[in-house]
Amino acid sequence: MTSRTDTLRCRSLAAKPSISSERAVLMTRFYEEHHGKHSAPMMRALAFRHLCERQTIYLGDGELIVGERGPEPKKVPTFPELTCHSVEDLRILDSRPKTSYAVADDVLFDYERCVVPFWRGRTLRDRLFAALPDEWKAAYEAGIFTEFMEQRAPGHTVLDDKIYRRGLVDFQTDIDAALAALDVTLDPEAWAKREQLRAMWIACEAVVTFANRHAKLAEELASTETRPERQRELERIASVCRHVPAHAPRDFWEALQSYWFCHLAVITELNGWDAFNPGHLDQHLLPFYERGIADGSLTAESARELVECFFVKFNNHPAPPKVGVTAAESGTYTDFANINLGGLRRDGSDGSNAVTHLLLDVIDEMHLLQPSSNLQLSRKTPASVLAHTLGVVRKGYGFPSIFNADAVVEEQLRQGKTLEDARAGGCSGCVEVGAFGKEAYILTGYFNLPKILELALHDGVDPRSGVRLGPATGAPGSFGTFEELFEAFRTQLRYFLDVKIAGNMIIGQMYEQMPAPFLSVLIDDCIATGRDYNAGGARYNNTFIQGVGIGTITDSLAAIEHNVFEKHRFSLGDLVAALDRDFAGDEAIRARLINRSPKYGNDDDAADRLMRRVFEEFFAAVDGRPAPRGGKHRIEMLPTTCHVYFGTMTSATPDGRHAGKPLSEGISPVQGADRRGPTAVLKSAAKMDHVRTGGTLLNLKFTPAVLAGDAGLDRLAHLVRGYFTMDGHHVQFNVVDADTLRAAQASPEEYRGLIVRVAGYSDYFCDLSPALQDEIIARTAHEGM
C-alpha cells in the first residue's frame, strides 16, 4: 500500500460504526409534506431527489474516490419507511456487546420527536406483519423459517458493464424514447408506465446532482488547499465528478468513481438485503486499464492505488442495523458486496486478465472484510490465476471464495436464461447465482430443515412450546417403518413450504408499492417494459428459499434408520423421549447416535443417499412454483449465520446434537462428523445436484501446515478442480488451527485482526458471538489431503 491508502485503511478500521438519523429525518419530513400527493414511483423518486440534494456530503483528506452513504465514514443511515427502530431498539444497538452501533443523544432525540411518531404503524414492516396470516406468523416465531424482507428491501443485485459504456444522460434519453412510445389508447398500463418512467428519469437527475455536489465541494477545498499536490488531486476529483456518472467514464479513475456513485445511489434509495455488487470488476476495468497503460496516463502503481482507495470505500459502509430475528440470523457488519474475478466472457472465452491479478494483490495486501471477493473458476481459467488466488486463501483471511463458473452457467441455463447472459452472470452476496445487470433475484429467508423433522416426530406439535404448528402426521409409535416416518416428514415439509410461499406472494405484492426507480434504471429491461425492479421489470425474476441444516437432518435420519429400523437398538418412542429430555440420563443412546451411525461428509452412501432424498423433496416442493414479479421460486443451500439462530429454536436432534446448539452450516457436514478427510467431504457434497440450485455453500478448514509450500498449493488446486469436475458449486476455506481460535476467545485483545470465514463471508473472529465462535472451532480442521 502507499502511505495514502495505508492511512485511509487505518482510518476506516479505527472508525466505530454509529447511527446517523439524517436520512430518517429527511425522509420523514418529506413524507409528512407529500404523503398521498404522488404515485408510488414518483413519491420514491422525489424523496430520493430530496435526499441527494440535501444529505451531508463528505470528502476526506487524501481520498481519491469520494462519496459516503452517511455524513461520514461508518455513519450508518436508517430506513424508517421499511422498518422504524424504536428508541429502545437504538439503545440496545448502542449497548450490545457484539456488532454494536454507537447512538448519540441527538439521534435518540430525532427518533423520539420526529421519526417514530410519523412512522409508527406506517412502515412496510408494520403493514407486512398485519397482512400475513396467523399460520405464517406462528411458523416464523417458532423458528421454522425467517423472512429477509421483513425489514430490508430486495437485494442481491449485481451490475453488468452498462455504466462503463453509457452515462445517466444516455439512460434518460432511453427513458424519453420509452415515454414517447406510450399509447394511452392501446395500453391500459400506459399511465402506470409513465409514472414509473418519469420516476426513473428523476432518479437519474438526482444522482447527477449528488455527483455535482461532490465536484463543488472538491473545488471549494481546492481553492483553500495549501499543498500543491493535494490541490491538483482535488481539482481532478472535481473534474471526475462533473463527468461521471452523467456521462460514460473515459479512464480508469472515472470508471471506479462512476461505479461508486451508482453503488451509493442504490444503497441510499433503499436498504437492500445485500449491498449492490460490482460484478466482473476485472473485466469491466480492463479496457480503461489497457488504454491508460498504453497512452501513459496510468501506471500499474497508480491503478493499484486507485483500487485500494476504492476498496476503502466499501469498508466504510457497515450494513444498516437489524432488529429481532433478522439481527439474530445475521450478526455482522458485513454488507456482502462481492467482487467476481475471472470467470467467462459472453463469448465463452476466459475472463481473467491483468486486472484480475491487480485485484488479487490488493485483496491480499489490504485484507479488508469489505468488499468480499471470489474467483469464478472455469475449465478455461489459467493455473496461474488459481495459484494466485489460493496463495491469498492460504494467508487465512477466508477469502477469496471459489465458484465453479461452468456450473454457474449451467444453473442459469436451467432457469431459462440465454447462454450469453448466463456467462456474463456469476455470484453475489454469499453464493447466489444471477444474470448480472438483468435479473431481480430475491432471497426471501432461511428454512429450518431439522425443525421439520422435529415436528414430524411430534405429530406436528412444537415440543418447545407445546403448540400445534403443522398437520397431524402420527405419533412416533405409529411409524412401523422408516418410510412411514419419511412420509410424515414430507407432509410437514410441504405444508410449511406452502405457508412460506404464500407469505412470499403477499410480501412480493406489497413491495411493488415500494419502488426502486434508480435501481430500475440499471437493470435490463425495466426501461423497455416501464416496470420497476420490484414489480417484474427485470429481464429475469427468481425468488429463493434457502435450506439450512442439511448435514444435521441427514445424520438425524441416518441415525433413526440405522438404530431404530435396521438394528432395533431402541424404539422410536424411546428416542423421542430422550430427545425431549435433551439426553439427560440417556448418554448411552446419545453415544450410539454419534459414534455408531452413518454420517454425511464421509463418502458413506448410507448417509449421503438420505441427504439426496431430503434435497430432492425440498427441490420438488419449491422449484418452478409461481413467485412474485411473474418469476419462479428456486432453492439455495446456505445459512449466513442462521444455523446458529435456528439451533436455538430447535430441540435435541437424533444425530446426538444437544438442544440449542448450532445446526450444520451450508452443505457442510455436521461439525466434527467428517472423519475421513476433505476428499470424502467433497465426494459426499457432490452427490447433491448443485445445478438445480441457485447456490450451495461448502466450508472446509485446514491447518496452516497442510497448505505450506508449492506442494500444499498444488494439492489444494487439485482438490478444488476435482470437486468442480463433479459439478460442485462453491467451496471456501478457513486456514487456522483450533488452538489459535481458543486463544483468541481467551484473549481477544491480542487477536483483534484475526479473520475467519463464517459462512458466505469473512469476519473478525473476536466480533462473533460466543456460540458462533464455538461452532467455527468445532468444524473439523483437516491435517491432510
For segment 173-226, count all C-alpha to C-alpha pairs, find those more than 15 Å apart, and express that count as a whole percent of the total. 61 percent
According to the square roots a ≥ b ≥ c of the eigenvalues of the Cα gyration tensor, what is the shape class of segment 254-338, taking rounded for a/c under 1.5, prolate for a/b larger than b/c otherwise, and oblate for the remainder? prolate
Note the angle between two axes, namely the Cα long axis of helix 22-34 and the longest principal axis of the Cα atoms of the chain, as a number of degrees from 0 to 90, rounded to the nearest 10. 80 degrees
Remind me, relative contact order of segment 75-149 in percent, using alpha carbon pairs under 8 angstrom and six or more residues apart? 31 percent
In whole Hz, with x marking every Gly and Pro, tabulate ³J(HN,Hα) for segment 57-71 from phi via Karplus 6.51 cos²θ - 1.76 cosθ + 1.60, θ = phi - 60°. 10, 10, 9, x, 4, x, 5, 10, 9, 10, x, 10, 6, x, x
Kirkwood calc, segment 644-705, C-alpha pairs only, radius in angstrom 13.3 Å
What ranking of Asp160, Asp737, Asp580 comes out by heavy-atom accessible area, probe 1.4 Å, highest first? Asp580, Asp737, Asp160
Just to confirm my numbers, what's the Cα centroid distance between segment 286-351 and segment 664-687 in Å? 31 Å
Under 5 Å from the placed amide H of Ser373, counting only residues 5+ away or on other chains, we find Ile339, Ser401
Coarse-grained scattering of segment 501-608 at q = 0.13, 0.19, 0.21 Å⁻¹, given as base-10 log I(q)/I(0) from a Debye sum over alpha-carbon atoms: -0.64, -0.93, -1.08
Put Tyr764, Tyr495 in order of accessible area, largest first, probe 1.4 Å, and you get Tyr495, Tyr764
Any idea how far apart Leu413 and Thr7 come out in nm if each label point goes 7 Å out from Cα toward Cβ? 5.2 nm
Which of rounded, prolate, oblate describes segment 651-785, given a ≥ b ≥ c as roots of the alpha-carbon gyration tensor eigenvalues and a/c under 1.5 marking rounded, otherwise prolate only if a/b is larger than b/c? oblate
Relative contact order in percent for segment 68-219 (Cα pairs under 8 Å, 6+ apart) equals 17 percent
Apply 1/(1 + (r/R0)^6) to the Cβ-Cβ distance of Glu616 and Thr226, taking R0 = 56 Å, and write down the FRET efficiency to the nearest 0.05. 0.20
Restricting to the chain, what percent of DSSP beta bridges are antiparallel, rounded to 5? 25 percent
By how many degrees, 0 to 90 and rounded to 10, does the Cα axis of helix 709-725 deviate from the longest principal axis of the chain? 80 degrees
Could you tell me the relative contact order of the chain? Use alpha-carbon pairs under 8 Å, at least six residues apart, and round to a whole percent. 14 percent
Please give the calculated 222 nm ellipticity per residue for the chain, where each DSSP H segment of at least 4 residues contributes -39500 (n - 2.57) and the sum is spread over every residue; nearest 500 deg cm²/dmol? -15000 deg cm²/dmol
Report the extension gain between Arg29 and Ala680 in nm, rounded to one decimal, defined as 0.36 nm multiplied by the number of residues separating them, less their alpha carbon distance. 228.4 nm
Just the number please: accessible area per residue for segment 313-425, 1.4 Å probe, all protein chains included, in Å². 25 Å²
Subtracting the Cα-Cα distance from 0.36 nm times the residue separation, let me have the gained length for Met785 to Asp498 in nm, one decimal. 99.1 nm
Computed over the chain, the convex hull of the Cα set has an average projected area, in nm², of 32.5 nm²
Long-range tail of P(r) for segment 414-500 (Cα pairs > 22 Å, %): 48 percent
Once the convex hull of the C-alpha atoms of segment 222-264 is built, how many Å³ does it hold per residue, rounded to a whole number? 72 Å³
Give the carbon-plus-sulfur fraction of the accessible surface of the chain in %, rounded to a whole number; probe 1.4 Å, heavy atoms of protein chains only. 51 percent
For Ala383 and Arg120 in one chain, what is 0.36 nm times their gap in residues minus the Cα-Cα distance, to one decimal in nm? 89.0 nm
Give, to the nearest whole percent, the P(r) tail of segment 296-396 beyond 16 angstrom, counting all Cα pairs. 63 percent
Please give the FRET efficiency for Ser349 paired with Lys98, using the beta carbon to beta carbon distance and R0 = 35 Å, rounded to the nearest 0.05. 0.20
As a Kirkwood estimate from alpha-carbon pairs, segment 94-252 has a hydrodynamic radius in angstrom of 21.2 Å
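The values are calculated or read from the model by the stated rules, or taken from the named source; none is laboratory data. Keep in mind that this is a model prediction, so the values were computed, not measured. All Cβ positions, glycine included, derive from the backbone under ideal geometry; neighbour counts span all protein chains shown. When the accessible area is computed, the model is the full protein with side chains, heavy atoms only, and any ligands, DNA or RNA have been set aside. Shrake-Rupley method; radii C 1.70, N 1.55, O 1.52, S 1.80 Å.
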